[in-house]
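Single-structure report; data block below.
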There are 2 protein chains.
Amino acid sequence: MNISQKAASPATVSEKDMANAIRFLAMDAVQKANSGHPGMPMGMADAVTVLFNRFIRIDPSMPDWPDRDRFVLSAGHGSMLLYAIHHLIGFADMPMSELSSFRQFGAKTAGHPEYGHALGIETTTGPLGQGISTAVGMAIAEQMMAARFGSSLCNHFTYVVAGDGCLQEGISHEAIDLAGHLKLRKLIVLWDDNRISIDGATSLSTSMDQLARFRAAGWNAQAVDGHDPEAVAKAIDRARKSRKPSLIACRTLIGKGAASMEGSHKTHGAALGEKEITATREKLDWPHPPFFVPHEIKSAWEGVALRGRAARETWEIRRNASRSKARYERTVNRDIGPETARRLAKFRNEHREKATKVATRQASQMALEVINGATDLTIGGSADLTGSNLTMTSQTQAITAANFRGRYLHYGIREHAMAAAMNGIALHGGFIPYGGTFLVFADYARGAIRLSALMGLPVVYVLTHDSIGLGEDGPTHQPVEHLAMLRATPNINVFRPADIIETAECWELALAEKSTPSALALSRQALPMLRTTDTQENLSARGAYILREAKGPRDITLLATGSEVEIAVQAAEKLRAENGVEAAVVSMPSWEKFEAQTDAYQRRILGGAPRIAIEAAGRLGWDRWIGPHGTFIGMQGFGASAPAGELYRHFGITPEHVATEALHLIGRGRKERRR
Amino acid sequence: MNISQKAASPATVSEKDMANAIRFLAMDAVQKANSGHPGMPMGMADAVTVLFNRFIRIDPSMPDWPDRDRFVLSAGHGSMLLYAIHHLIGFADMPMSELSSFRQFGAKTAGHPEYGHALGIETTTGPLGQGISTAVGMAIAEQMMAARFGSSLCNHFTYVVAGDGCLQEGISHEAIDLAGHLKLRKLIVLWDDNRISIDGATSLSTSMDQLARFRAAGWNAQAVDGHDPEAVAKAIDRARKSRKPSLIACRTLIGKGAASMEGSHKTHGAALGEKEITATREKLDWPHPPFFVPHEIKSAWEGVALRGRAARETWEIRRNASRSKARYERTVNRDIGPETARRLAKFRNEHREKATKVATRQASQMALEVINGATDLTIGGSADLTGSNLTMTSQTQAITAANFRGRYLHYGIREHAMAAAMNGIALHGGFIPYGGTFLVFADYARGAIRLSALMGLPVVYVLTHDSIGLGEDGPTHQPVEHLAMLRATPNINVFRPADIIETAECWELALAEKSTPSALALSRQALPMLRTTDTQENLSARGAYILREAKGPRDITLLATGSEVEIAVQAAEKLRAENGVEAAVVSMPSWEKFEAQTDAYQRRILGGAPRIAIEAAGRLGWDRWIGPHGTFIGMQGFGASAPAGELYRHFGITPEHVATEALHLIGRGRKERRR
């Protein structure tokens, strides 16, 4: 393959002309919006023109072609770079009118590139460091697909444009270490080495030798003049031939081309002004009005699309001839079929009969053993807590640089990169990633978890050790606010199952999601099987349900999740036996699913009796369910270091305390006490 | 100064004996608790014995001596290493009975080291990567104190023991880049290079050349046999002489000394078992019962304390003779005096008279201009958003490797390291750090923000661009769940001021805190001055107050924070003018402060009328204040990219919508509509 084949372009059009088209579209759009970032698109226009003109294979007429090269604009604030190119190569949803509506309501040209908002945007970027780390996941998925289907069906590169911010963020360290370790040779990062950040020169805050840093992580690293097309092309050529992931430091001037502001941090995040832009038109000999690109330059850019389309058509011939076609399609479509749900239903029946008592983290592993046997699309992993998160099953061999047929990623002690890589694997397509850490360390992955939710990706977070129930590790490891943090985040299912039955149900629900990530909060400690009715219906699908109804009218309703449902049940039994008080117990494995039910269903479940909520976490959010006269039993502050049972007693999360509060709440507390 | 002067110890006691004391105390304590991590204390016992025996200057009889060396156990799971040493050198609160109560309720020996829980614990560790990053802040503070008071009053080292986890976490990248850039020569990190993590060999997940990595970041890096005392001592000697921060890779065997499990990841996180420990007693010729250390070995360790005490006493003579003594004491005690509050009160009066309309981020800068002029203890900074966060004032010159007299840290694009460094600066003592980023990027700093709260440190987070009001940058930059995330976290003040007056009040409250961090959520957009009464009393101190009362009985109460208080006021005026409806407006700059008020105050503020809450964020938590029949007007999901005004209209956060909902709520909506 001739890897540096230029697209057939009119002889009179140079890559400099093509790059200037990007520059002026970026300047004009930011100027009109009076908001945005022209400096980066102008600085990287030369290098990215070379990348697209000579290398990248994408087909705007079929943006989702599975074997396309991936292009990730990690420095997402330079979104006009991407939009300009999408316009120039002919994405149907990116006419010039969209560029001139940059950053306006409803425009395709959002402030930062948003996955799903316009065609061909491979991932949402803007929060720095996410793009490069998500790209690591994409490159992992590419290698996994190639290992399964061969290079005739999967053989593409993942290109990234990253800025100083991306490389300063901690997540980049986690991601490049993982990429170097896995020898992701088809990952190529172009670093916009403009030595400018928002505060001024990068020398204000860093003295890092980035080339040495990337080499230490097992990368191939080169430095070139980012404004020299041939040098950039040669570097990309070499990078494509490397057996390692590659960094190409493109030494650039931010705002390159600007009449007087070239190289200044003032070009970073604001419009240049009409005067500067007019002067720049003269300097660059660009006598065209705003939002206009001469036909021959547009034609040159369209050559990129023609080359991509030809590659895609050739690939389709190969795919159609492949004996693996059906399996390939199932994989690309992430079609896990009905078998998984069928086996999980059987699993629930078995364990209801056996009344299996296990920690929900162990129940999760048992469910995963079923799931991973029923589908080969799930990809497990853990941020170095495999034996604690229980995310490995008999089917999940480790993925290594030498074996991408595996199904398990040892992500290392890198929660943030794990989450971003899972996003990348899901975005690439072909797999359903799940990954484990302790619930408290969801903190470390917050930036990427938020993007899972914002992009609507079907990834699953396995978050074990979900309360003070983890015991002796103490308050640094005991989540208190994390359920609220996750519940407050839009578009993420937060599941906190109470027993093995609910755990299997929640896994089934998580795998059924197409555009919502899930977080499973799981216990370290063993929990009894609590389901009282048959297990045909997935009761967790309703979010909350009556686990134990009162005999006759309810005196009180106990709401609980996860490990505290057992405590609610014990309290209810105690209240009946000792006080003749009838309590219903409502298990609430998912607030989000419950909120989606009808008002009538919600009213029936919550009932008219006074309510107590029990959860070994903070109160925030529970007032919605208990109302102004309800009681919350949980954590008031941080936890402590001691065996779990002692902590539950110390913090008053016990059946005895629930019963006492229940009696108070229904006006019998004082009387009971006086006996 | 003889920098490798050994403590005077009985000639018969070797450092190997001293190290073995650590090993057996760790083994015995973990065995008795049946919980904990013996592998790391055993592996690092030799190197850390050398560090303490020959170098570290601390005085157990005065643990808070300001010029002590700082020792940070970044690999906090190895807490028994620290507790054993504290016992051996004679910390008063660490008798043997505490070691034998390891990880039990109420013991000083918590699962992970917790700042404030036992004497001499310099910072809370356990969440990996935090210790090394916090230590960077301590080393910055040391250099700042030395620049202000000279080396006779401030001249100590910050030593860190870090594990593979610490170095894999992304935060370590941010921290070491910052440390290398600032040439923190008195920061020395001993890396427990045992090549084992929880999942097994580190080769499962990393191929990083750590020495090359640290050198790329501007560090001095050495590698030694961690079980060779002389080699370790020489390396520490060299590190102390280096002009750069230093990494010493101590090649060790995890669980070093264990009879059969030496080098195995099985020693990492579980008791070794009676049998193994018995065999280890034989192997290491340690014929002593559990929790017993022979007198001569204990005496040898106590030499560390004697040397420390002598150093402290010598230092006190210097301090007492210093002409800077008074100023030094004020600094160490973080005594900002009454002047700051006095000037802020004047500031509030002036701006109430002028009715100054500015964004609260700008109000914050104006308040900081006053604060930084009234005290020199505040240290500003931003994660490369200085011009957006508006955290710099005329008094805050940049801190650089050549000038630690400055008062402003360009933290770079490193939110997590910024937060950890602020923790370290606060822990070191002498300064009150504040640092800025966008509210949405509190996500990136979550791990360290949680530790600010858990440790109770007086640091201030300046979190600007606090809602969709930031406009065109779109949903990646628009916080929705972050106020809930922060409010759910115990022991942190979340302030969302509505105007310039409240902003100054909230700054005053934040600076008055001794053991609670504060987060200021500030607007990008301009907000009018709203205060209707005089500004003598700091009304924000009550958390919520009636900004605008109804004339006569309230028909409705509008609750709002920050930029939405203006909308509430406009809605109230509209309701009165157009509908004859009397609405009270309650501004709630801080839920935490309001929760601390009496029930009577809370009832008076909230009133008996129906309530509507208005906040451009998610609903979670608001039901507590609006009750079951209230209405919430805010965000249902993520934001969008458009000018702020359009977004407010699109999401229905407008006076018109508030008024309509108010009329519905009080039963007049239908009638109004039919007219």
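The values are calculated or read from the model by the stated rules, or taken from the named source; none is laboratory data. Nothing here was measured: the structure is a model prediction, and the numbers come from that model. Here the Cβ is made from the backbone with ideal geometry for all residues, glycine too, and neighbour counts use every protein chain on show. Protein only, heavy atoms only, side chains kept; ligands, DNA and RNA dropped before computing areas. Shrake-Rupley method; radii C 1.70, N 1.55, O 1.52, S 1.80 Å.
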Options A:R238, A:R281, A:R215, A:R243; residue that is open to solvent by 10 Å² or more (accessible area, probe 1.4 Å) and in a loop (DSSP other than H, G, I, E, B): A:R243
Given (1) open to solvent by 10 Å² or more (accessible area, probe 1.4 Å); (2) under 30 Å from B:A147 (Cβ atoms); (3) part of a loop (DSSP other than H, G, I, E, B); (4) not charged (D, E, K, R), index of the condition B:F71 fails: (3)
Candidate set from the range A:390-406 (those that are touching a residue at least 40 places away in the same chain (Cβ under 8 Å) and at the interface with another protein chain (Cβ under 10 Å from one of its Cβ atoms)); member that is nearest to A:A526 (Cα to Cα): A:T400
The lone exception for A:A249 - which of (1) under 30 Å from A:Q31 (Cα atoms); (2) away from chain B (no Cβ under 11 Å); (3) surrounded by fewer than 20 Cβ atoms within 10 Å (Cβ to Cβ) it fails: (3)
The range A:534-550 residues that are more than 11 Å from A:M588 (Cβ to Cβ) and at pLDDT 95 or above, paired with ones that are in a loop (DSSP other than H, G, I, E, B) and open to solvent by 30 Å² or more (accessible area, probe 1.4 Å) (beta carbon under 7 Å, 6 or more apart): A:R548/A:T532
Pair list, Cβ < 7 Å and 6+ apart or interchain, from the range A:467-486 residues that are at the interface with chain B (Cβ under 7 Å from one of its Cβ atoms) to residues that are β-branched (V, I, T): A:T476/B:T124; A:H477/A:V440; A:E481/B:T489
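What is the residue count in the range B:80-135 for residues that are assigned to a helix (DSSP H, G or I) and either at the interface with chain A (Cβ under 8 Å from one of its Cβ atoms) or of a type outside the set (S, T, N, Q) (or both)?
So in the range B:80-135, the residues assigned to a helix (DSSP H, G or I) come out as B:80-89, B:96-99, B:130-135.
Filter once more, keeping what is either at the interface with chain A (Cβ under 8 Å from one of its Cβ atoms) or of a type outside the set (S, T, N, Q) (or both): B:80-89, B:96, B:98-99, B:131-132, B:135.
The qualifying residues number 16.
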Inter-residue pairs, beta-carbon under 6 Å, first closer than 30 Å to B:T535 by Cα and in the range B:323-346, second open to solvent by 90 Å² or more (accessible area, probe 1.4 Å), 6+ apart: none
Residue under evaluation B:L409, criteria (1) in a helix (DSSP H, G or I); (2) facing chain A (nearest Cβ under 10 Å); (3) under 24 Å from B:E122 (Cβ atoms), criterion not met: (1)
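Restricting the range B:337-346 to residues that are in contact with a Ser or Thr (Cβ under 9 Å, 6 or more places away or on another chain) and open to solvent by less than 40 Å² (accessible area, probe 1.4 Å), which is modelled with the lowest pLDDT?
First, the residues of the range B:337-346 that are in contact with a Ser or Thr (Cβ under 9 Å, 6 or more places away or on another chain): B:337, B:339-340, B:345.
Subset that is open to solvent by less than 40 Å² (accessible area, probe 1.4 Å): B:337, B:340, B:345.
Details: B:G337: 90, B:T340: 96, B:A345: 95.
The selected residue is B:G337.
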Strands (runs of 3 or more DSSP E) (entirely within the range B:571-653) containing at least 1 residues that are open to solvent by 10 Å² or more (accessible area, probe 1.4 Å): B:611-614, B:631-633
Any hit, the range B:658-674, residues being within 12 Å of chain A (Cβ to nearest Cβ), open to solvent by 10 Å² or more (accessible area, probe 1.4 Å) and either outside any helix (DSSP H, G or I) or aromatic (F, W, Y) (or both): no
Residue under evaluation B:A568, criteria (1) more than 34 Å from the chain's Cα centre (by Cα); (2) open to solvent by 30 Å² or more (accessible area, probe 1.4 Å), criterion not met: (2)
Qualifying position, being among the β-branched types (V, I, T), farther than 26 Å from A:K32 by Cβ and at pLDDT 95 or above, among A:I176, A:I89, A:I121: A:I176
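For B:A84, indicate whether it is touching a helix residue (DSSP H, G or I) at 6+ places or on another chain (Cβ under 6 Å) and of a type in the set (G, A, S). Steps first, answer last, please.
Numbers: touching a helix residue (DSSP H, G or I) at 6+ places or on another chain (Cβ under 6 Å): yes; of a type in the set (G, A, S): yes.
Answer is yes for this residue.
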Which listed residue is more than 30 Å from B:H268 (Cβ to Cβ), in contact with a strand residue (DSSP E or B) (Cβ under 9 Å, 6 or more places away or on another chain) and assigned to a loop (DSSP other than H, G, I, E, B), from A:L457, A:L451: A:L457
Condition met for B:T396 (farther than 21 Å from A:M208 by Cβ, touching a helix residue (DSSP H, G or I) at 6+ places or on another chain (Cβ under 7 Å) and open to solvent by less than 10 Å² (accessible area, probe 1.4 Å)): yes
Qualifying residue in the range B:38-46 (condition: part of a loop (DSSP other than H, G, I, E, B), more than 25 Å from the chain's Cα centre (by Cα) and crowded, with 24+ Cβ neighbours inside 10 Å): yes
Where a residue in the range B:209-221 is within 17 Å of B:D192 (Cβ to Cβ) and free of Cβ contacts under 8 Å to residues at least 60 places away in the same chain and its partner, wherever it lies, is among the aromatic types (F, W, Y) and surrounded by fewer than 19 Cβ atoms within 10 Å (Cβ to Cβ), with Cβ under 7 Å and at least six apart: none
Selection from the range B:629-641 of residues that are without any contact (Cβ under 8 Å) to a residue 24 or more places away in the chain and within 8 Å of chain A (Cβ to nearest Cβ): B:Q636
Subset of the range B:434-448 (residues that are away from chain A (no Cβ under 12 Å) and either part of a helix (DSSP H, G or I) or within 10 Å of the chain's Cα centre (by Cα) (or both)): B:L439
Matching residues in the range A:598-628 - criterion: being touching a Lys or Arg at 6+ places or on another chain (Cβ under 6 Å) and more than 12 Å from chain B (Cβ to nearest Cβ): A:G607, A:A609
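With the condition kept exactly as written, say whether any residue in the range A:452-466 is under 20 Å from B:G165 (Cβ atoms), touching an Asp or Glu at 6+ places or on another chain (Cβ under 8 Å) and modelled with pLDDT of 95 or more. Spell out the reasoning first.
Filtering the range A:452-466 for residues under 20 Å from B:G165 (Cβ atoms) gives A:461-465.
From what is left, the residues that are touching an Asp or Glu at 6+ places or on another chain (Cβ under 8 Å) are A:465.
Applying the additional criterion that residues be modelled with pLDDT of 95 or more yields A:465.
Checked the range A:452-466: at least one residue is under 20 Å from B:G165 (Cβ atoms), touching an Asp or Glu at 6+ places or on another chain (Cβ under 8 Å) and modelled with pLDDT of 95 or more.
Could you tell me whether the range A:148-159 includes any residue that is part of a loop (DSSP other than H, G, I, E, B), among the charged types (D, E, K, R), more than 10 Å from every other protein chain (Cβ to nearest Cβ) and open to solvent by 10 Å² or more (accessible area, probe 1.4 Å)? First the steps, then the outcome.
Quick first cut of the range A:148-159, residues part of a loop (DSSP other than H, G, I, E, B) only: A:150-157.
Narrowing the set further to residues that are among the charged types (D, E, K, R) leaves none.
Taking every residue of the range A:148-159 in turn, none turns out to be part of a loop (DSSP other than H, G, I, E, B), among the charged types (D, E, K, R), more than 10 Å from every other protein chain (Cβ to nearest Cβ) and open to solvent by 10 Å² or more (accessible area, probe 1.4 Å).
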Residue match in the range A:212-221 (condition: of a type in the set (D, E, K, R) and out of contact with any Leu (no Cβ under 9 Å at 6 or more places or on another chain)): no
Residue in the range A:191-201 that is in a helix (DSSP H, G or I) and within 8 Å of chain B (Cβ to nearest Cβ) present: no
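Can we say B:D59 is without any contact (Cβ under 8 Å) to a residue 60 or more places away in the chain, touching a Lys or Arg at 6+ places or on another chain (Cβ under 8 Å) and over 29 Å from A:Y411 (Cβ atoms)?
Criteria not met by B:D59.
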